[in-house]
1. How do the pairs read when you match residues in the range 95-116 that are more than 23 Å from ALA52 (Cβ to Cβ) with residues anywhere that are at pLDDT 95 or above and polar (S, T, N, Q), using Cβ under 7 Å and keeping only pairs 6 or more apart or on different chains?
2. Anything in the range 193-215 that is part of a loop (DSSP other than H, G, I, E, B), among the hydrophobic types (A, V, I, L, M, F, W, C) and at pLDDT below 80? List them, or say none.
3. Could you grab me the full set of residues in the range 164-188 that are charged (D, E, K, R) and more than 16 Å from the chain's Cα centre (by Cα)?
4. Can you tell me which residues in the range 58-85 are farther than 20 Å from ARG43 by Cβ and assigned to a helix (DSSP H, G or I)?
5. Which of the residues spanning the range 93-117 are surrounded by fewer than 22 Cβ atoms within 10 Å (Cβ to Cβ) and touching an Asp or Glu at 6+ places or on another chain (Cβ under 8 Å)?
6. Of the residues that make up the range 40-61, is at least one surrounded by fewer than 16 Cβ atoms within 10 Å (Cβ to Cβ), in contact (Cβ under 8 Å) with a residue 12 or more places away in the chain and within 28 Å of TYR161 (Cα to Cα)?
7. Would it be correct to say that GLY34 is farther than 25 Å from GLU126 by Cα and in contact with a helix residue (DSSP H, G or I) (Cβ under 8 Å, 6 or more places away or on another chain)?
8. Looking only at residues that are at pLDDT below 95 and small (Gly, Ala, Ser) in the range 28-39, which one is farthest from LEU65 (Cα to Cα)?
Amino acid sequence: MSFFIIGTDTGVGKTIVATSLLTGLKTKGYSAIGLKPVASGARQTFEGLRSADAISLQKAATVYLPYEQVNPFCFAEVTAPHIAATQQNACLSVSSIMAACQPLLNYPADYRVIEGIGGIGVPLNEKEMLIDLIRAVNFPVILVVGLRLGCLNHALLTWKYLQQHNLKVIAWLANQVDPAMVCVQENIAFLKSVLPIPCVGFFPYLQQANIGVFSTLIDYKILLPP
């Protein structure tokens, strides 16, 4: 089985959810790999540019994979991927990403977890966006909603856009990114009432990854043994 983890925006906790899922799968004895096709805001190391998100996925997976396979498109600038790619003279497109990721998309693991970048409307180039990559990969989608002021608008717009593109969204999770946000539970309750997919988790502010997400996905029969 495979999943594509997306968010309502950048910095909403996609990596927390992806590593939680990988950790849970590991505890149950399943083989699982993590993939971050595109990352920006990477730091320079002796081994080259490295994204903290991609490294987290690499470590949480049960199968060790070279960094370049986990994160084939890695950019230094903390900006939208199409701008970061231009600054490094890289060709970023759905076709180039799919070609680089194809070995892992076909990798003989029980589970594959892909983490997106930014929100679904973030540009990859002048004509393509992340949602075009999601359509090409065609994995079931798990949506991470970053809880902060404006999250209801972000969540509903993201949901509508996913529906317009006929993408299969199987669950959503709430992650509190603003410690000062008021009416957190009320916001979650509203989204539960309007989103016709199960809410399978809530991460309070700065909570570390745990396997609760894995257990809840099992309860909702979303995560089933292959």
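1. Final answer for the pair search is PRO103/GLN69.
2. Matches in the range 193-215: LEU206, ALA209, ILE211.
3. Residues satisfying the conditions are ASP178, GLU186.
4. Result: HIS82, single match.
5. SER93, VAL94
6. no
7. Details: farther than 25 Å from GLU126 by Cα: yes; in contact with a helix residue (DSSP H, G or I) (Cβ under 8 Å, 6 or more places away or on another chain): yes.
Yes.
8. Filtering first and then ranking leaves GLY29.
The values are calculated or read from the model by the stated rules, or taken from the named source; none is laboratory data. Everything numeric here is computed off the predicted structure, so don't read it as measured data. Quick reminder, even Gly has a Cβ in these numbers, built from the backbone with ideal geometry, and neighbours come from all protein chains shown.
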